[in-house]
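Worksheet: one structure, shown below.
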Ligand SMILES: Nc1ncnc2c1ncn2[C@@H]1O[C@H](COP(=O)(O)OP(=O)(O)O)[C@@H](O)[C@H]1O
Ligand SMILES: [Mg+2]
């Protein structure tokens, strides 16, 4: 794939506006503006206000983070265009650690949840260095994917958590494990992803995966995804490293490269 600026498969994610937090609405106002209802079978408790969302490095609907939320909406539009009618599974992976893969996965899932007709389920599949549990303000030691894969009797529902964001749910990684490839290639993992996708036709799944560089795990995980979004750290990952990373996936699955200006 050509990583050119005029290429529709390349999206530049602008840096955060440092003043944004100050301009964010004060706590309390969001509750009035929050969508009045959520879709069937979802009860929402304790919805976060914009200030809290910004502390968690999450986009929202207010003007203060407009440039970033527009960039995520643009990625959403592209994925929906590529994905067609059916709900799909998107894997988001960084070229190298700290390029912003988890940041993009989280915000992309949120951009889908902006749409009241859709729900998002973010699954932290970085079993070595999980990020979403902490980022979304959940307690350490929360049970997640690994716990379910190792002990299915706990039930899938017990590892799907509310996030404080309407229509966005999280499955944290749970206990950390070194050998994620073995889990990703297991029959059970495929069954989990398939059943989570098929159960609700309006549910979009986002797999936050491990870095591509230096490990086959991201490629193994991509077998479970319909689309792959590669996140390159702007000024961090070289063009050669990005091309090599993209080449490790089935070309039909690669939705594009996001250039992230990580701090
Ligand atoms: N565009 C961005 N704006 C603000 N913070 C960011 C951005 N990209 C990454 N970060 C932050 O940088 C850190 C590393 O990003 P992360 O998404 O965890 O990287 P990766 O998953 O690629 O290892 C996190 O604290 C994340 O919130
Ligand atoms: Mg990550």
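At 20 °C and 1.002 mPa s, grab the translational diffusion coefficient of the stretch 48-260 from Stokes-Einstein with a Kirkwood Rh over Cα pairs, rounded to a whole number in µm² per second.
Numbers: Rh = 17.0 Å.
Once the numbers are plugged in, D ends up at 126 µm²/s.
The label-point distance for residue 176 and residue 116, in a model that sets each label 7 Å from Cα toward Cβ, rounds to 4.2 nm.
In what sequence do 63, 74, 85 fall when counting other Cβ within 10 Å, fewest first? Before the final figure, lay out the partial values.
Working: 63 12, 74 16, 85 7.
The fewest-first ordering by Cβ neighbours comes to 85, 63, 74.
I need the Debye-formula profile for the stretch 107-182: one equal scatterer per C-alpha, no solvent, reported as log10 I(q)/I(0) at q = 0.16 1/Å, two decimals. Values returned for q = 0.16 Å⁻¹ are -0.56.
Of interest is the spacing of the C-alpha centroids, which for the stretch 244-263 and the stretch 149-173 amounts to 27 Å. Rounded to the nearest Å, what's the spacing between the alpha carbon centres of the stretch 125-140 and the stretch 177-231? Just the number, please. When both Cα centres are located, 16 Å separates them.
Derived from the Cα gyration tensor, the three semi-axes of the equivalent ellipsoid of the stretch 150-263 are 27, 17, 15 Å, largest first.
Computed from the coordinates by the stated procedures, all read-outs in this text should not be read as laboratory data. Given the structure is predicted, the values throughout are model-derived calculations rather than measurements. Note that we place each Cβ from the backbone using ideal geometry, even for glycine, and neighbour counts take in every protein chain shown.
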